[in-house]
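Remarks on the structure that follows.
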Amino acid sequence: MKRILIAGSNGQVGWELQRALTPLGSVAAFDRSELDLASPDSIRAALRQASPDIIVNAAAHTAVDKAEAEPGLAMRINAQAPGILAEEAKRLGALLIHYSTDYVFDGAKSGGYIEEDEPHPLGVYGTSKLEGERAVTQSGCAHFILRTSWVYSARGSNFVLTILRLARERDELKVVDDQIGSPTWARALADATAGLIGRDPPLETCGLYHLAARGSVSRYHFAQKIVDIARRISGGDGKWAAIHPVTTADYPLPAARPLNSVLDSGKIKRALGIEMAPWEDQLAACLDDVVAAR
């Protein structure tokens, strides 16, 4: 039986991974109090205690705007920690699965980004995640780096839950219409990760892959779809905000966002037979859970 360690067990993806990976082996799920990516000693102690065959790093500093104000912490968690995880994975002979982000790109490309496109992050968060990718690659450990896009879930803090809350609280919402991406449900990402591990992939397939929902949408149209589906599931009860499009320039934030975050996931389909459902299907399944729980 494989020994699987999950870092970041209380996060959106980490929470779903516990369910998805349990059928595949003995799962040790660590939250920040047990495995703190800001502390090299904490990382090494947890891994040497668990001695896993597979390490899945679902922990990260994901507060994009906050990272601009605390770059040192973002670099420790997103750049240095993955390197330490990779060193320990190599020492143990373990496989490392590490999640990265569409924010390693500047968004200037017109089509979907492929793995061979040159990264050019716009802010601290994207820069720190890119450095983490490089640390894992340079370590020489067996690894899969999975870049994903616009992750959301039925728990935590994310775009979907924020739109659902604000659409009930306000009469109008303004949402940017010039940022496009591939919104990806944390559960679908966890299930795809389980599919990857379950295939017991050969070492020659290790490397960098994009893994995001099929299709693309602007944040404005994504917000409209969130409200439309939630209204239908809930039977149309109550007030829902009207949603209006604005530009990124109309809605300034501390960290710059790429206007194009669309990831082309064709490589992982060709190499490993893994393909995610369209973003609309993932969103509807997630909202079924969210609305049903309310």
### 0 to 90° range, to nearest 10: angle between helix 124-139 axis and the chain longest Cα axis
30
### Message
Students often forget the sequence filter, so: which lysines lie under 17 Å Cα-Cα from residue 225 once same-chain residues fewer than 8 apart are removed?
### Response
174, 239
### Message
Shape verdict for the chain, please, from the Cα gyration tensor: rounded (a/c under 1.5), prolate (a/b greater than b/c) or oblate.
### Response
prolate
### Task
Can you give me the three principal axis dimensions of region 14-62 from its C-alpha atoms, in Å, biggest first?
30, 26, 14
#### Entry: Residue pairs, from the table 109/269; 109/129; 129/269; 2/66, whose Cα atoms sit over 31 Å apart
2/66
### Task
For the chain, give the magnitude of the charge dipole about the Cα centre (Cβ charges: +1 Lys/Arg, -1 Asp/Glu; no others), in debye to the nearest 20.
560
### Summary
Mean-square fluctuation maximum in Gaussian network of the chain, Cα pairs under 10 Å, restricted to 230, 194, 242, hits 242
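Where a ≥ b ≥ c are the square roots of the eigenvalues of the C-alpha gyration tensor, would you call region 1-98 rounded, which needs a/c under 1.5, or, failing that, prolate if a/b is larger than b/c, or oblate?
Oblate is the answer for region 1-98, as a/c is 1.5 or above yet b/c matches or exceeds a/b.
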### Query
Radius of gyration and Dmax for region 86-177's Cα atoms, expressed in Å?
17.3, 56
### Query
What is region 207-250 by shape, rounded, prolate or oblate, if you read a ≥ b ≥ c off the alpha carbon gyration tensor as root eigenvalues and call it rounded for a/c under 1.5, prolate for a/b larger than b/c, and oblate otherwise?
oblate
### Task
Please give the calculated 222 nm ellipticity per residue for the chain, where each DSSP H segment of at least 4 residues contributes -39500 (n - 2.57) and the sum is spread over every residue; nearest 500 deg cm²/dmol?
-12500 deg cm²/dmol
### Task
Pick out which of 246, 160, 227 has the largest mean-square fluctuation in a Gaussian network model of the chain, springs linking Cα atoms closer than 10 Å.
246
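Taken together, the values in this text are just the output of simple stated rules run on the coordinates, not laboratory data. The structure displayed is predicted, hence computed values, not measured ones. All Cβ positions, even for glycine, are placed from backbone atoms using ideal geometry, and neighbour counts span all protein chains on display.
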